[in-house]
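Read the structure below first, then the notes.
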């Protein structure tokens with residue numbers, strides 16, 4: 001099968017476009033005609049073009065709304081194909097409209113909803129695809145879509161709240177870095193001639209000598225440093241997309257003081273909520289662990305959960321391998337162990353998620369509040385070091401003159 005991009009008109013004369021799979025161009029035109037579309041242009045797509053078309057970004061909030069609307073339509077008895085068609089026609093976002101139309105076409109051809117969504121990884125997350133697949137298999141697609149919408153909205157709310165809270169500290173860090181760099185590059189060199197005599201006699205304070213040396217390096221080699229930094233960032237972004245790079249990145253993130261623990265707790269809470277939802281709807285434990293591992297957003301936790309699934313298939317309890325990984329809080333592991341003994345795991349997991357989220361929100365708020373004065377102190381300290389380094393030889397020369 002080949003992917004063909006098409007531009008056509010529907011029965012009302014409205015121009016529509018999208019991508020359709022067909023053996024050849026003639027079959028693609030026939031398939032469009034069967035859908036009451038009059039083709040204006042049909043051409044085969046290259047793999048790069050298909051990937052670019054499928055890679056269109058859509059705001060997560062809009063995707064979350066689409067999940068909720070689809071769940072409402074299905075719960076009201078509207079068939080899946082009709083629901084997808086309605087949502088595709090109603091959305092005002094051109095990229096999402098094309099994606100929904102293509103998913104409609106693929107489902108109509110026999111592809112499952114989850115597999116069709118998986119072809120658009122930049123629109124639908126891996127967790128969303130896994131939840132939809134599980135909902136389709138277990139007969140709770142509407143609840144799965146509602147849950148995915150809730151997860152997506154909470155995740156975006158977390159991002160917006162975090163970005164808003166960190167805006168001022170980041171502003172301080174950027175301004176402080178620019179101010180100190182400007183002082184070192186443009187102001188400090190003006191004192192070099194004044195301090196030359198002290199340097200020749202070996203009487204220049206080490207702090208001042210080091211500051212002059214740093215100023216000389218930044219003035220002459222600063223551009224090379226910026227270029228090297230840009231190359232490093234580009235390389236790291238590409239490396240972080242690989243499985244090995246993602247694992248190293250997530251492992252490093254969890255080791256950041258304070259912030260690493262917050263990110264790890266949020267990932268654990270997502271795992272507990274997804275796993276509890278799946279178990280409550282009758283999804284087998286191994287399949288639930290497979291899906292919930294993708295919901296964490298952290299490869300380190302995902303590997304630990306995959307290892308736990310292997311141990312469970314060998315007859316062990318869930319709490320033991322999770323505790324052995326060292327990435328799950330002790331209190332969480334103990335609650336899971338008690339829940340397994342009482343055969344109430346699905347309910348306890350959701351309670352754990354609620355409790356962990358509340359505690360993590362408090363930690364995040366406290367972290368941001370403490371970060372602001374810390375950034376101010378660092379900025380003031382850096383400027384103070386520059387001023388002291390410049391004043392020390394001046395004071396020394398004035399004492400010599402006296």
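The values are calculated or read from the model by the stated rules, or taken from the named source; none is laboratory data. It should be emphasised that the depicted structure is a prediction, and the values quoted were computed from it without experimental measurement. Here the Cβ positions follow ideal geometry from the backbone for every residue, glycine too, while neighbour counts run over all protein chains shown.
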Could you grab me the full set of residues in the stretch 355-370 that are out of contact with any helix residue (DSSP H, G or I) (no Cβ under 6 Å at 6 or more places or on another chain) and touching a residue at least 60 places away in the same chain (Cβ under 8 Å)? 359, 365, 367
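Kindly check whether there is at least one residue in the stretch 163-173 that is within 30 Å of residue 276 (Cα to Cα) and either assigned to a helix (DSSP H, G or I) or more than 16 Å from the chain's Cα centre (by Cα) (or both). Explain how you work it out, then say what you get.
First pass over the stretch 163-173, keeping only residues within 30 Å of residue 276 (Cα to Cα): 163.
Narrowing the set further to residues that are either assigned to a helix (DSSP H, G or I) or more than 16 Å from the chain's Cα centre (by Cα) (or both) leaves 163.
Yes - at least one qualifying residue is present in the stretch 163-173.
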From the option list 244, 340, single residue qualifying as part of a helix (DSSP H, G or I) and in contact with a helix residue (DSSP H, G or I) (Cβ under 8 Å, 6 or more places away or on another chain) is 340
Find the residue count for the stretch 39-81, including only residues that are closer than 16 Å to residue 101 by Cα, part of a helix (DSSP H, G or I) and modelled with pLDDT under 85. 3
What number of residues within the stretch 174-195 satisfy the criterion of being assigned to a helix (DSSP H, G or I) and surrounded by 15 or more Cβ atoms within 10 Å (Cβ to Cβ)? 7
Out of all the residues in the stretch 253-275, which are within 15 Å of the chain's Cα centre (by Cα) and more than 18 Å from residue 358 (Cβ to Cβ)? 253, 254, 260
Whichever residue in the stretch 317-359 is closer than 24 Å to residue 281 by Cβ and loosely packed, with under 14 Cβ neighbours inside 10 Å and, among such residues, is nearest to the chain's Cα centre (by Cα): 354
Going by the structure shown, is residue 253 part of a helix (DSSP H, G or I), touching a helix residue (DSSP H, G or I) at 6+ places or on another chain (Cβ under 7 Å) and farther than 30 Å from residue 136 by Cα? yes
Only residues that are touching a residue at least 24 places away in the same chain (Cβ under 8 Å) and part of a helix (DSSP H, G or I): list them for the stretch 295-308, please. 295, 299, 300, 301, 303, 304, 305
Return the only residue of 247, 214 being farther than 25 Å from residue 306 by Cβ and in contact (Cβ under 8 Å) with a residue 12 or more places away in the chain. 214
Subset of the stretch 319-337 [touching a helix residue (DSSP H, G or I) at 6+ places or on another chain (Cβ under 6 Å) and not in a helix (DSSP H, G or I)]: 327, 328
Here are 95, 164: which of them is modelled with pLDDT under 85, within 19 Å of residue 61 (Cβ to Cβ) and surrounded by 17 or more Cβ atoms within 10 Å (Cβ to Cβ)? 95
Single condition residue 202 does not satisfy, out of (1) within 34 Å of the chain's Cα centre (by Cα); (2) at positive phi: (1)
